[in-house]
Structures are given as C-alpha cells and as structure tokens.
C-alpha cells in the first residue's frame, strides 16, 4: 500500500472546481508565503530553498538552490519559467498551470525576490490554450491585488511577469532552445559551453531557468521552512513530487506522493492512485521518467520513487512521467512510435540526431509493419551506438543537446528486453499483435 | 494600412511593448496573425516582419520551425489527434483512422467543404483522457469513435462555436496594463537604497 500521509504541497487546491481563481487562492493561504518572504532578506529566502534541497522538477533534477547560487555572485537579469512541457506522457505542469496558476505566480515572485530580478517570463507551451488564459488572468489579478508591479505589498521590491506562448516544438523544453524561442528565433539549442544560462542567457545576460513545478513548491517551502520540506522524502530526493501516470492503468492521472517512501508498484496498484493494470493484465515494462528514459521490467516495481534510486538502476525519474506497458502491448510498436516522435522533433542541427533518428525510425517502421530483416536488429543497435557511443547510462553525447542521446533509450531497451518479439515480427512478416 | 484588424493590432502593440527587443514578440505576433486569418498568410508575415524589425523571409523561416503555425489555409476546425505513446496504448491510431472516414479527409489535409483539417499530433499532455483530441486549441475529452462522431455532428451544426475558439486564443484574455517596473528605473532606485544603506553603515562606524 502506498504511503499517503505526506501533505499535498503543490496539489492542495486541486479538489476545488474554482482552484484557479484569486478568491479561492486567497481563502486557502494564497500569497502568505510571498508576504513572509518579503519580510526576509533575499539571501535568507534563497537559503531556505537550499535547505529544502529542492531538486529541479523539469527532468534533469539539478538542485534549484545550487542553480541560484551560481548566480548570486553576479547580478541576475532574468528569471525564465519553463512551462513548455512536451515530454510524451508528461502532463503534470499542464495540471499545475490550469488548476493553480496563482500558486505558480506566487512561486515565481518568491524566486524573483530571492534572485533580485525585476523581469520574469513564464514560457508556456502554445497548446496549453486554457492554461495560457488562466495564467494571464492570474497575472492580471496579481497586479490588481498588489502582488505584482511596483513595490509589491508595500515593500521595496518590484517585479513584472510576462506570459509568453510557445508554438509547438518539443525542443523548446531544452533551456537554451527556450531562450532562443523567447528571443523570437527558431528553437535551436545553443552550443555549450557555457553550460548554464546563468552565464549567458536571455539577451546574453545571466538568466535562471526553472520548471513550473519547481516554482510551485516555493510558497509551501517559505511558509513551512526548508527543513520541513527536507524532512519529507529520503536521501537527495526531498519533498513530494507530482507523478503523471499513463498507459495501461485503470486510473491514469497526476498524483502527488512523497518521494522515496513509495514505489512504482504503490503508484500503479494503489486504489487511490493508479488502481491497477487494465483487465488485471501483467506488466511487461514501465517507462519510468518520460520516453527519454531507458525502460524497466516488472522486476523493478518495488524500486522507490527517488531520483538516485532510479538512477542507480540505469534509468531516470526524469520528468516524473510513468508509462505502463502490459502484456497486451506490442513493445515493437511502442518503441517505433517513440522513435517517430524523436525523428519529428529533432531540430536538425546535429547530424547524429537528425539523420540517426530518421534512420532508426525507418528501420523500426519496417520491422513493425512486416518488411523487417533479422540484420535490422543489430543495425538498430549500431545506429543507437553512433548517437550515444557505448550505450551507457547516463549516455555519452555526440550532439549539442540531450535530445540526441535520448533517442536510443527506447529502442535499446526494447531490443535488450524483448529481442524475441523483434525476431517474431521479422519471421511472421507482420506485427505479432495485429 | 495595417493588415491586422483593429483589436488584433492593439493586442500586437501591447505584446510588443512587453519585451526589450521587438523580435522577442515573434511567436505571440505569429499567433495573433494566425488567429485573424486562420493561418499565417503572406500579409500576416509582412505585418509581423514590420513590427519585429525583421524581414518576411526571416519571419517565414521562424514560423516554419514551429508545428502550431500553418503556412497554408486550413479548415474552420483543426482537429488534432495524438498517437504518441500514451494515446497509442489507448487506441489513438484507431481513432485517427476513424476520424479520416468521418471527417472525409486524410491526415494533413482539409475536407472538401472546408470545415475540417485533420492532424496527427505529438503528445498534447492530456494522457489522462487518452486518446487526446484537440479542436482549435481546445481539449475535447473524447475517447471513443462514437463520441468522436457526436463531436463532429455538433461542430457541423455549429453548436460548439461558443466553446471552441477561433485559430488562436491570445485575444481572449488580454493583459491589463503594460510593464510596471521598468528595469532602468528600478535599478536606479535600488542603487539609491544601497547607497543609503552604505551611508548609514559608514555613520555608525
């Protein structure tokens, strides 16, 4: 059974149908965290976040406090919030921007205060039309309420927040590509080094880029203290986290659970959470952290939901998305579709990713659709090896950004775990599940 | 003479004023151009280029990178159906095939009556109601072929027009007021406050 005693840190208002309105927000403790933060020194606000050891919730899991401290030495120019959630089967930021936009904005103001920034941009995925409307309305309400603009709540702190729509490009979730899009260009990731926009970011100035969920945790952390947050979870994975559970489960959805205290099995089978697998089927594999992550077999179901725990077993908790594949699922088809996604979304700058993704997709397509050859299976592994040499985890990189080394994960996992299924497709001359 | 309608033009000027560099308004302005014309037309491109101080070629090149911008005319309703991993496992491919028949157009094309354009999309982050369907930027919680046909009938009858937006939504909720904290002003204010603190510190010594 799942351990569900932990407080709801970011999803506490979701039960209310009007959770996105200012009145509901104010009735449920809204802007108290900000009011408290404004009575503290900016450095003290930052050190609370440091103490919480809040790991970034975007996918890389970099500690938010450390990201900020890289900047505290020099004045920061901009705060950019990454709401371009596009990793397949990840829908937790979608939930946060539609259901609790004020909580996000309060978090943004707290972060901006800690960093002493006067302009923050919230970059939202263009497809989140309702989310864009709600966040814009919440920004308007916040200005009127005195939580944004000049001299916030009578303090000396002033901040503008601008809501910026994306336009449909997975790659813009990569922080330097997002900055390019914010500058009005094609979303091409920038060449590294510098590795962090902290050095050269928006308009060439020091910039912090943080994820929507990361920001949404800040009001609670300031209200309750970093130590209270760090007391939840375990090891480096502190606090709670939003998990987006999808695929062959009875009750897909976004669930906030305490890190480490719960396992994949808890999340998938608990009646209050995933509610088990459709038709009580057996689990064939799970994709633990977005489709960029290597797959796990059912033997990993009792692994705790923690960043290091998952990393030690050769995958990642990534974007907090978990996809369940059951024994009615064709794994070849699943892996082919993921490859097709990467092939469509490769920005085209780097040869291994641009050419490799399309080549892998075509080979996968012919195996799934009956035109495959036995030697295609090893060809696929060779192509994967050319994109991420050695096929290790974390992967070696031959490209500007991590989209490239994300391509082999699904194909490599599927061949390693279910080679027989590939062979059966080739020998039958069609999909085994048709 | 502006190609943009008066309300779109006003919104575009508001957006432009939010950024230190005009080019940053590129994506929102392209959304507005599409909102007005249904797609990013040549006239829309010219207008965006003039406002962002770039060239039409540059605007077109940028727009082509982003999946949401259509550079060809589309139907009155753009129907997007996701077939990515979570939707694949919930019958997204089957729903897409069904949609081709009920809408009378194949993926990537527009029906003869000009009502529908059908698209196969990548993950729309609606995996809890897979397979995920969008009509003109609005999520529709439709998962079965029958429910999809009911939706199509409603769209044809025009009964959903108050719910399903036009080809964009930026005009629906406008920002009230521009920037309130101009950076230069705030910076000089902060510098003054800092000096005062320094002066007080020096006095107490």
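Where a number appears in this text, it was derived from the coordinates with a stated rule and is not lab data. Here the structure is a predicted model, which means the values were calculated and not measured. So basically every Cβ, Gly included, is an ideal-geometry build from the backbone, and we count neighbours across all protein chains shown.
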Hey, what angle do you get for helix A:42-52 against the long axis of chain A, alpha-carbon based, 0 to 90 degrees rounded to 10? 40
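I'd like the mean, over residues of A:201-212, of how many other protein chain beta carbons sit within 10 Å of each residue's own Cβ.
Values: counts 0, 3, 4, 0, 1, 0, 0, 0, 0, 0, 0, 0.
If you average over the peptide's residues, the count of other-chain Cβ atoms is 1.
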Using all Cα-Cα distances in the range B:1-159, what percent lands in each 10 angstrom bin from 0 up to the longest? 11, 35, 28, 21, 6, 0
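Quick check on the protein assembly as shown: of the DSSP beta bridges with both residues there, what percent are antiparallel, nearest 5%?
Working: 24 of 51 bridges.
Restricted to the protein assembly as shown, the bridges split so that about 45 percent are antiparallel.
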Where does helix B:183-204 land angle-wise versus the long Cα axis of chain B, in degrees 0 to 90, nearest 10? 40
Taking springs between alpha-carbon atoms closer than 10 angstrom, which of B:116, B:129, B:65 fluctuates most in the Gaussian network model of chain B? B:65
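What does the highest-first list of A:211-220, A:320-329, A:350-359 look like by mean Cβ count within 10 Å?
Values: A:211-220: 27.5, A:320-329: 23.9, A:350-359: 19.4.
Taking the mean over residues of other Cβ atoms within 10 Å, the ranking is A:211-220, A:320-329, A:350-359.
So for chain B: antiparallel DSSP bridges make up what percent, rounded to the nearest 5?
Values: 7 of 13 bridges.
Expressed as a percentage, antiparallel bridges in chain B total about 55.
Across the residues of B:42-49, average count of Cβ atoms on other protein chains within 10 Å? Write out the running numbers ahead of the final one.
Values: counts 0, 0, 0, 0, 0, 0, 1, 0.
Across B:42-49, the average partner-chain Cβ count within 10 Å equals 0.
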Considering only DSSP beta bridges whose two residues both sit in the range A:115-260, what percent are antiparallel, to the nearest 5? 60
Computed Rg/Rh of the range A:315-396, alpha carbon atoms with Kirkwood Rh: 0.97
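Once you compute Rg and the Kirkwood Rh from C-alpha atoms, what is the Rg to Rh ratio for the range A:125-204? Could the numbers behind the result be given before it?
Details: Rg = 15.5 Å, Rh = 14.5 Å.
Radius of gyration relative to Kirkwood radius: 1.07.
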Here the FRET efficiency for residue B:199 versus residue B:55, based on Cβ atoms and R0 = 51 Å and rounded to 0.05, is 0.50
Per-selection metrics, the protein assembly as shown (Cα): Rg and Dmax in Å: 24.4, 89
Taking the Cβ of each residue in A:192, A:340 as the centre, tally the other Cβ atoms inside 10 Å and list the residues starting with the fewest. A:192, A:340
Measuring from label point to label point, each 7 Å out along Cα→Cβ, what is the residue B:191 to residue A:398 span in nm? 5.1
Per residue of B:51-61, other chain Cβ atoms within 10 Å number on average 1
Per GNM of chain A with C-alpha springs under 10 angstrom, the most fluctuating residue out of A:262, A:210, A:140 is A:140
Relative contact order (%) - criterion: Cα under 8 Å, at least six apart; region: the range A:22-230: 33
Mind computing the radius of gyration and Dmax over the alpha-carbon atoms of the range B:77-157? Å is fine for both. 11.2, 33
Helix A:408-428 axis, angle to chain A major axis (alpha carbon atoms, nearest 10°): 30
Provide Rg over Rh for the range A:134-173; use the alpha carbon set for both Rg and the Kirkwood Rh (inverse mean inverse pair distance). 1.16
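List the relative contact order of chain A as a percent without decimals, with contacts defined as Cα pairs under 8 Å and 6+ residues apart. Don't jump to the answer; show the numbers that get you there.
Details: 913 pairs, mean separation 70.1, N = 434.
Relative contact order for chain A comes out at 16 percent.
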